[in-house]
């Protein structure tokens, strides 16, 4: 399962969530991605569109 994470900022709540998510990633049940993983010089919109198409779940994390 591919998770697309949309977050406003990296907060303590996100870090707690991510630590739980990492256990699922280690056993390859899920793979997660967020926009801060876009590398410099990449076409932002194209990368976002591609990752959204690959996603099984989109999580909006607002704090």
- request: List every residue pair whose Cβ atoms lie under 9 Å apart, where the two residues are 6 or more positions apart in sequence or sit on different chains, the first residue falls within the range 17-41 and is under 17 Å from residue 51 (Cα atoms), and the second residue, located anywhere, is part of a loop (DSSP other than H, G, I, E, B).
  value: 30/1; 30/56; 31/1; 33/55; 34/10; 36/10
query: Across the range 17-48, which residue is farthest from residue 4 (Cα to Cα) among those that are in a helix (DSSP H, G or I) and touching a helix residue (DSSP H, G or I) at 6+ places or on another chain (Cβ under 9 Å)?
result: 44
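Only the coordinates and a few stated rules stand behind these numbers; no lab work does. Predicted model only: the values in this text are computed from it and were never measured. Because the Cβ atoms are built from the backbone with ideal geometry, glycine has one as well, and the counts that use them run over all protein chains shown.
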